[in-house]
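Structure first, commentary second.
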Amino acid sequence: MRGRASYVRGGNLIELILVQLFVLVLLARVAAFLCEAIKFPALIGEILVGIVIGNTVLFDVLHLGTDIEVFSIFAELGVIFLLFAIGLETPFSELKKVGGTAALVAVLGVIFPFAFGYILIVSFGHPEVEALFIGAAMVATSVGITARVIKDLGKTHTIESRVIIGAAVIDDILGMVVLAVVSGVAGGGALDLVDIVIVAALAVLFVVAVVYVGTGLLPRARDRAKGTKASKRIARLHSGTSSLALALIVCFGLSALASYVGLAAIIGAFLAGMVFAEFRDIMPVAERFEPINEFLVPFFFLFIGISVDLASFLDVAVLALVVTGLAIATKFVGCGLGAYKLGPKSAAVIGVGMSPRGEVGLIVASVGLSIGSISAGMFSVVVAMSLLTTLVAPPLLTYTFKKTGRGGVR
């Protein structure tokens, strides 16, 4: 009887999840269609639907509170696969051409938001530690937002897109270093330089090792093995589902490793995609990932919207708007200056493309909230800033790309 009762409960649970999936996917698809009809990015509709669901009776009617962790996992998988797909269209040989510009964009895109964010919060009379965390939350770029817009616009092969993606990888490393510094100050007022060096070194070594092995050693080994038995065995991965299975293994493995060394899992996924981009002649997997992405990626943007509590914004609305404006302006100016040698229009695209904070800013603020360094009200400010930059960036990025007057490879 215990087994039968357990099965019944499990049956009810799967029925509930199926109903939730039906409603969420339907609403997301309808909202995306309406946004596309008025020339807005589809993700705007998906985020807005999430906000409506999370702040109305729909949340309780769908019993999402009982299964929110399930959809959180869907959201994480969605952004991981999105960045893997972007990596598939970004061979390292092309990214390397913009490496210097991407590095400058990333560095200036960290310095400007952190410095001005800290100054703003202190000037409003808040504690210095709280100001440090708000400045750190303003540093990180949510590459998932920009990547979706770039992919939807078919601009993944432009020089601006490659600078943005390259800068976002460097930005993530710098963001982890900034978070380590701020957490050290909040924890006891003294910095542990050894820990900071270890965090930075592990992050850099991980990226360098994956790039060197995946886009250097392995392609050269493949070229040398052409015509051999080993080469023929590798070529068999081209057929069936073997290449997709291998891609999933590499994607999950590098995502897990990235998370382990302190980077965002999406950086590992992007690097995994770059590795497979070097082998797309014998293992094309991009088309096989499209159906997976079409299902999972919208959950990332839905979940951002569902996580928003509109009621908490009322008490901090003015400060939230000021912080949001500063967050957009500092990324635009800092990253734009770093990319100015590409021309003012390209610099504008890159400045806008680096502006959304999304879930990354929320992670930084969550750390500060968990150790008591920022108040619930200031956490709401970061939530508002992350949400508003996420909503504003896609239409601005679409507009600035159109102003360049071209598409495709430069």
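The values are calculated or read from the model by the stated rules, or taken from the named source; none is laboratory data. Since the structure is predicted, the reported quantities are computational estimates derived from the model, not experimental observations. Neighbour counts run over all protein chains shown; Cβ positions are idealised from the backbone, glycine included.
Considering only residues in the range 330-386 that are among the basic types (Lys, Arg) and at pLDDT 85 or above, the one that is nearest to Met138 (Cα to Cα) turns out to be Lys331.
Among the residues in the range 142-164, are any among the charged types (D, E, K, R), in a helix (DSSP H, G or I), buried (at least 21 other Cβ atoms within 10 Å of the Cβ) and at pLDDT below 80? Looking through the range 142-164, at least one residue is among the charged types (D, E, K, R), in a helix (DSSP H, G or I), buried (at least 21 other Cβ atoms within 10 Å of the Cβ) and at pLDDT below 80.
Cβ separations smaller than 9 Å between residues 6+ apart or across chains give the following pairs from the range 57-78 residues that are of a type in the set (S, T, N, Q) to residues that are in a helix (DSSP H, G or I) and surrounded by fewer than 17 Cβ atoms within 10 Å (Cβ to Cβ): Thr66/Leu13; Thr66/Leu16.
Would you confirm, using the coordinates I've provided, whether Leu104 is among the aliphatic types (A, V, I, L, M) and at pLDDT 80 or above? Against the criterion (among the aliphatic types (A, V, I, L, M) and at pLDDT 80 or above), Leu104 qualifies. Note on the range 251-274: among residues that are more than 14 Å from the chain's Cα centre (by Cα) and surrounded by fewer than 24 Cβ atoms within 10 Å (Cβ to Cβ), the one that is nearest to Val364 (Cα to Cα) is Gly262.
Yes/no matrix, rows are residues, columns are (1) in contact with a Leu (Cβ under 9 Å, 6 or more places away or on another chain); (2) part of a loop (DSSP other than H, G, I, E, B); (3) polar (S, T, N, Q):
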site: Thr324; (1), (2), (3): yes, no, yes
site: Ile328; (1), (2), (3): yes, no, no
site: Ser346; (1), (2), (3): no, no, yes
site: Ile350; (1), (2), (3): yes, no, no
site: Gly368; (1), (2), (3): yes, no, no
site: Val381; (1), (2), (3): yes, no, no
site: Leu388; (1), (2), (3): yes, no, no
site: Pro395; (1), (2), (3): no, no, no
site: Thr398; (1), (2), (3): yes, no, yes
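Between residues in the range 253-280 that are in contact (Cβ under 8 Å) with a residue 24 or more places away in the chain and closer than 21 Å to Ser243 by Cα and residues that are outside any helix (DSSP H, G or I) and aliphatic (A, V, I, L, M), which pairs lie under 8 Å by C-beta distance while being six or more apart or on different chains? Correct list of pairs: Phe276/Met283; Phe276/Val285. Scanning the range 96-109 for residues that are under 27 Å from Met138 (Cα atoms), surrounded by fewer than 21 Cβ atoms within 10 Å (Cβ to Cβ) and in contact (Cβ under 8 Å) with a residue 60 or more places away in the chain yields Gly99, Ala103, Leu104, Val107.
Assessment of the range 31-49 against the conditions (at pLDDT below 90, within 20 Å of Ile173 (Cβ to Cβ) and not in a helix (DSSP H, G or I)) yields no matching residue. For the range 57-67, check the following and say yes or no: at least one residue is of a type in the set (S, T, N, Q), part of a helix (DSSP H, G or I) and either within 30 Å of Pro219 (Cβ to Cβ) or at pLDDT 85 or above (or both). Within the range 57-67, none of the residues are of a type in the set (S, T, N, Q), part of a helix (DSSP H, G or I) and either within 30 Å of Pro219 (Cβ to Cβ) or at pLDDT 85 or above (or both). Take Gly78 and decide whether it is more than 17 Å from the chain's Cα centre (by Cα), buried (at least 21 other Cβ atoms within 10 Å of the Cβ) and within 22 Å of Leu153 (Cα to Cα). In short, no.
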